[in-house]
Structure formats: C-alpha cells, structure tokens
Amino acid sequence: MEDPVAIIVGAGPSGLATSACLSHHSIPHIVLEREDCYASLWRKYTYDRLHLHLRKQFCELPHVSFPDSYPAYVPKNQFLQYLEDYVSHFKISPMYQRSVEFASFDEEAKKWNVKAKNVSSGEVEEYSARFLVVASGETSNPFIPELEGLNTFSGEFLHSTKFKNGKTYRDKNVLVVGCGNSGMEIALDLANHGARTSIAIRSPTHILSREMVYLGLTLMKYFSTGIVDKVMVMLSKLVYGDLSKHGIIRPAEGPFFMKVAYGKYPVFDVGTVKKIKSGEIQVLPALESIRGEEVVFENGKSHPFDAIVFCTGFERSTNRWLKVGDILLNQQKVNSPLHVFTYFDQSWLCLTRGMITF
C-alpha cells in the first residue's frame, strides 16, 4: 500500500463516511479503530429499541442513500445493515484494535505522527500522514458521576451502554439518571416492561416530537434560528402543555440555538411524556448521595431502588492524546461536543462531528 495521505481515527459512521469520500477521490488513507469492529457503538453499546431520531434523509452517509423500503425512522438493525452494505460498497478496511495513544504535528516534515497501541500484540505502532481526521465522536468513554455512597448501593447499577431492554426489570424499582434521549427512551422501555420506573432530571430540557424536529429542520432552510426556535417552543407548549408541574422545566434558550451553541440536543419524545403525565414514570430531582438501597435526592427525600441506570453521557478520549502546538487538548476547556477545526497552514483537518445516534 502506498503511503497514506490521511489517517482517520475511528470507524464509526463519521469515520466510514470520511473513508468513502477519500476513496471516491482516490486518496490513499488508513482507518484506525480501537474496537474489533466498525460502528461499535451501534453494534455493542446501544439498547434494542433504538431508532434514528431524525428522518432517514438527514442521516444517510455520502454517496449512498437509504433504501426506499426503509421506514422514515430507521431502526438499529436496518441501520447496521445499511452500514454493512456501505463498507462493502466502498471496500473500507479499518485496522482494528488500534488504540491511538498520541498524535502530534511535525512542523518540519509537515506531517502528523500518530502512535497507536495494537491491542492484540501490545506493541505500539507508528503512522504518519499529511492529514489527520479525528472521527472518534462524542461517545468515546462512558461516564458515571462520582456519587457519595455509590459503592454502598446494594442493587445493580450500570451505564446506558450496558442496557439492552427492560425485560429483566419487571416489578423492580428502577431509577434512570439523566433525561437526554437515551435516558427518556430507556425509562419508557422500562415502564413498558413493567418496571416501577423513576427518572432523575437535573437540568432544564426541551421536549419535541419527531415531527416537530422534522418541521424545524425544514424551516431552518428559510428562517433564522431565533424564528424557528419560537415556533418549536410554541408547538411544544401546545402539544405537551405545562410540564413544570411534572418536574420538567423548559430552558430559557431555544432548542436549535442550544444545539448549535452548546451541542445540547432537545429530547425527541417517543411516548415518555405520556407515561410521565399518567404517573407510570415518576420524575425526581438530581441525586445527592446513596445509602445502601436508598437514594437521597437534592430535595432531601429518599427512595429505595433495585437498580440504577446511568444515562449520564460520555467523556471524549481525544483530549488525552491529540497534541496541538505545545499542549494537549485536555489542557483546554471545550464546552460543545461539536467542533470542526480546519488549520490549513499546518495541513491538518480535525473532525469531531458525529451522527445523531442518542
């Protein structure tokens, strides 16, 4: 193989899309992936009922559309089939079990030097190329917050990446921590399977239906973010009413503005709100501490639980190994999970933009 012009870190949907585009232009490159498969988040770490929350035309990868037979909101198994066909079509061959440990730009050679540990052999391999594409996404390392007394919890606790479905939780008291899309949908799945479900909501959040989001994305082509946000908030109020009496506070800033400014997605409701209103899912405030089976909340009240599912997001790995200039990115504060850096005078391109997977 000729020397690569680009090194892609990550074989998720973004990495695969970048590889396909480079292949389309006959640009030699390699893809380094720390897991033993592509799209590992979708294959290994997502719950069974997951669908794309946006219509398929907003989620397809470059040069290949979803089949017409696929539904508007593509389920997990069909999305994986689409990715399998995509990889086959573009003959994408990632180098698996390569965990990138360091990357820096050589000013003299005008190349990026990348060190990756071969997980199978334990050896550190070195690669160099003119361009570096970081496609490791927003969901690198599962994050569970440090909570006083968590080690004393007598029940089961797990991160959302380990949750598959609610079948084994029937008639159990289960607490879901976090009200992002994963948290709200996992709470719905638990309630549907007969678990006595509660969800801890710490921060204000926008709740929209899939249809509202589709309308919003369409309107964004013609109107400003501010106007679209006003329409979204008005529709949310009309459809869902005042959710503050159920423990859900709407943010002061609009949903599309918050996505652009902070990388914070609105919740795409697929039935959870109805169960919250009916009392099938109880909304609780933020956690304060844990004492055995009792979880203490910031309002001073406590409740017993058999299991806790932490839908508390991820920590990016990029800031541990990507060196820019004389500093590692972990020395810089980055607020938004969506950053596209172009630094052409040093001939590098860094992408951390991922698909909407929730």
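The values are calculated or read from the model by the stated rules, or taken from the named source; none is laboratory data. The shown structure was predicted, so the numbers you read here are calculated from the model rather than taken from an experiment. Here Cβ is always computed from backbone atoms with ideal geometry, including for glycine, and neighbour counts include all displayed protein chains. Calculation scope for accessible area: heavy atoms of the full protein, side chains included, ligands and nucleic acids excluded. Shrake-Rupley method; radii C 1.70, N 1.55, O 1.52, S 1.80 Å.
A few points about this structure:
- Kirkwood-Stokes translational diffusion coefficient of the stretch 51-136, alpha-carbon pairs, 25 °C, 0.890 mPa s, µm²/s: 155
- Taking all Cα-Cα distances within the stretch 1-113, those exceeding 25 Å account for 29%.
- Rounded to the nearest 20 debye, dipole of the chain from Cβ charges on Lys, Arg, Asp, Glu: 1060
- Enclosed volume per residue, in Å³, of the convex hull spanned by Cα atoms of the chain: 165
- Inter-label distance, nm, simple model (7 Å from Cα along the C-beta direction), ARG43/GLU298: 4.0
- Label point distance in nm, LYS164-ASP85, each placed 7 Å from Cα along Cα→Cβ: 2.7
- Given their separation in residues at 0.36 nm each and the Cα-Cα distance between them, GLU123 and LYS274 gain 49.1 nm when the chain is fully extended.
- Qualifying trypsin sites (Lys or Arg not before Pro) for the stretch 283-319 [loop in DSSP, other Cβ within 10 Å: at most 12]: LYS301
- Each part gets one Cα centre, and for the stretch 2-50 versus the stretch 241-293 those centres are 33 Å apart.
- Between 0 and 90°, nearest 10: helix 181-192 axis offset from the chain longest Cα axis: 50
- Apportionment of accessible area to carbon and sulfur, the stretch 74-216, percent (1.4 Å): 46
- Measure of compaction for the stretch 142-224 (Cα Rg per 2.2 N^0.38 Å): 1.39
- For GluC sites (Glu not before Pro), the sites in the stretch 1-90 that DSSP calls loop and that have at most 13 other Cβ atoms within 10 Å are GLU2.
- Note on the stretch 122-278: Kirkwood radius taken over Cα pairs, Stokes-Einstein applied at 37 °C and 0.692 mPa s, translational D equal to 180 µm² s⁻¹.
- Whole-number accessible area per residue in Å² for the chain, which is evaluated in the context of all protein chains at 1.4 Å: 49
- With a cut-off of 17 Å on the backbone N, the residues of the stretch 29-65 near the modelled label site 7 Å out from ASN77 along Cα-Cβ are 42-52.
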